[in-house]
């Protein structure tokens, strides 16, 4: 049985942030991707059986306030250090998916000693020439779903979810707001920071890089590049999964992540 979260709001330097949190144990900060709808995932509930899982909505996403002072992922990484200070969390393991992986890696370069473990799942943040990475800002919803999920059932559920947005003005507003914030942070240069490659040597935490073999949004070549740049990291490829292996194949994902976090 997975653990259900509590919802709360935290003021971080004048910005109100929504947080879902559950579990007891060492703290684990989960940083979501740009397309995350703000729901508590089954995999988070499973991890909450052993960890204090903290899942915020990024500023400008979901139910969190916008922070106009933040216009780069690097600044967003500093913001999360402020959030950890507000929570009284000194040392934390960080698990980031897609855009959240980029934030997680950047955070680990700023204050390496605060990060106990680093897990990157389909992380953006690096430019890999000729990888086939598409421009998600111009993809039609059907094409984006096809590139995100390898499994037919998850594609079907995502398609139904997109259709349901049209009947839910509040949800559609959040969806569009998320896309606007993502464009603000990651449109130019496209989903990477050319300076990040020169900071990753500072990361001291053990790093696990997890990728779906069929990731059509951020192709697996990016996973190999992360492991080239992160000291002491390793890459695990989840066969038959797309961009979100923790959603499509949570059992396989947990088999990789649980022993890593327990080290």
Within region 123-138, the count of residues that are at pLDDT 95 or above and either in contact with a helix residue (DSSP H, G or I) (Cβ under 7 Å, 6 or more places away or on another chain) or not in a loop (DSSP other than H, G, I, E, B) (or both) comes to 7
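Report yes if some residue within region 234-244 is touching a residue at least 60 places away in the same chain (Cβ under 8 Å), under 24 Å from residue 92 (Cα atoms) and under 16 Å from the mean Cα position of the chain (by Cα); otherwise report no. Show your work before the answer.
The first filter runs over region 234-244 and keeps only residues touching a residue at least 60 places away in the same chain (Cβ under 8 Å), leaving 240-244.
From what is left, the residues that are under 24 Å from residue 92 (Cα atoms) are 244.
Filter once more, so that each one left must be under 16 Å from the mean Cα position of the chain (by Cα): 244.
Yes.
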Taking region 145-162 and keeping residues in a helix (DSSP H, G or I) and either in contact with a helix residue (DSSP H, G or I) (Cβ under 7 Å, 6 or more places away or on another chain) or touching a residue at least 24 places away in the same chain (Cβ under 8 Å) (or both) leaves 145, 146, 147, 148, 154, 155, 158, 159, 161, 162
Of all residues in region 163-179, which are outside any helix (DSSP H, G or I) and surrounded by 11 or more Cβ atoms within 10 Å (Cβ to Cβ)?
168
Selection within region 163-189 - under 20 Å from the mean Cα position of the chain (by Cα), free of Cβ contacts under 8 Å to residues at least 60 places away in the same chain and farther than 18 Å from residue 57 by Cβ:
187, 188
Unmet requirement for residue 79, which otherwise passes all of (1) under 16 Å from the mean Cα position of the chain (by Cα); (2) farther than 18 Å from residue 100 by Cβ:
(2)
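The values are calculated or read from the model by the stated rules, or taken from the named source; none is laboratory data. All figures in this text were calculated on a predicted structure; none of them were measured in a lab. We place every Cβ from the backbone using ideal geometry, glycine too, and count neighbours over all the protein chains shown.
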